[in-house]
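Values quoted throughout were computed directly from the atomic coordinates according to the rules given, and no laboratory measurement underlies them. Just so it is clear, the structure is predicted and the values come from calculations on it, not from any experiment. Positions of Cβ are backbone-derived with ideal geometry, glycine not excepted, and every protein chain shown enters the neighbour counts.
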Amino acid sequence: MGDMGLRERKKRRMYEDVSDIAVRLFLAKGFDAVSVAEVAAAAGISKPTLFRYFPAKEDLVLHRIADHETEAARLVAGAGSPVGVLRAHFLDGLGRNEPITGLNDHPQVLAFHTLLNSTPTLVARQYAYLERSEAALAEALGGTLEARLAAGQIIAVQRILAQDNWRRIAAGERVEDVRADAVRAAERAFGRLERALADDGRDAAEYR
């Protein structure tokens, strides 16, 4: 059991180290200007080994947010008010300047988000990530059509709120100047979402 734990830790460390090396190269030279072979050489591994960890070049970047892919699904599991739980989590993230909320002005975070949002192939790969996140959340909410519709709306709200925060910060606004607006926007968006989903639930019940 201890050996399995050690192997898993080494594997995770490999993922993190290779991803960090790749992101540094992409930020320095541009995503399209850096080859997978160059990343592998910088990481001291072979190209086939790199592809065992990262099936696509874009995954070297998306690994940074991979832990968030099933986050919403994990949070709502067994929750009485899924939207309430996710709203509280998003607001907590704003309070801690979590990069995933867009409310973070650390130069490396801004550079990473700029890379992520200005590279067409990475933008496309993000949508696959969002689809998986949405599917996991829908399953956690029950897997019905209503659950899939709700999951789509929830993931969209989180994405749009975070993008709006990031765009303002990237344009030069300070975190503390954006924070109050970000909190109000999140409260308003999640509140509307909660009311809309409650209405949808009542409408669906009438036809059962």
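Tabulated data for the structure shown
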| item | result |
| --- | --- |
| Residue (of V76, L6, F190) at the positive-pole extreme of the chain, dipole from beta-carbon charges | L6 |
| Per-peptide average of other Cβ atoms within 10 Å, ordering 11-20, 185-194, 57-66 highest first | 57-66, 185-194, 11-20 |
| Region 127-186 and region 25-53: distance between their alpha carbon centers, rounded to Å | 30 Å |
| For peptides 115-124, 86-95, sequence by mean Cβ density within 10 Å, most packed first | 86-95, 115-124 |
| In degrees, nearest ten, helix 82-95 long axis to first principal axis of the chain (Cα) | 50 degrees |
| For q = 0.18, 0.22 Å⁻¹, Debye-computed log10 I/I(0) when each Cα of region 51-128 counts as one equal scatterer | -0.88, -1.09 |
| Top of Q163, Q126, Q108 by mean-square fluctuation, Gaussian network on the chain, Cα under 10 Å | Q108 |
| Rounded tilt (10° steps) of 2-29 against the dominant C-alpha axis of the chain | 80 degrees |
| Angle in degrees between helix 145-170 and the longest Cα principal axis of the chain, rounded to the nearest 10 | 60 degrees |
| Region 142-183: trypsin sites (Lys or Arg not before Pro) falling in loop per DSSP and having at most 11 other Cβ within 10 Å | R174 |
| Proximal lysines relative to K57, as straight alpha-carbon distance under 20 Å, when same-chain residues fewer than 8 apart are discounted | K11, K29, K47 |
| Lys, Arg +1 and Asp, Glu -1 on Cβ, resulting dipole of the chain about Cα centre, debye, nearest 20 | 480 debye |
| Shape call, region 113-163: gyration tensor on alpha carbons, a/c limit 1.5 | prolate |
| Of every Cα-Cα pair in the chain, the percent that sits beyond 28 Å | 38 percent |
| Mean separation of Cα contacts under 8 Å, 6 or more apart, over the residue count of region 96-208: relative contact order % | 32 percent |
| Contact order relative to length of region 1-135, as percent, for alpha carbon pairs under 8 angstrom and 6 or more apart | 24 percent |
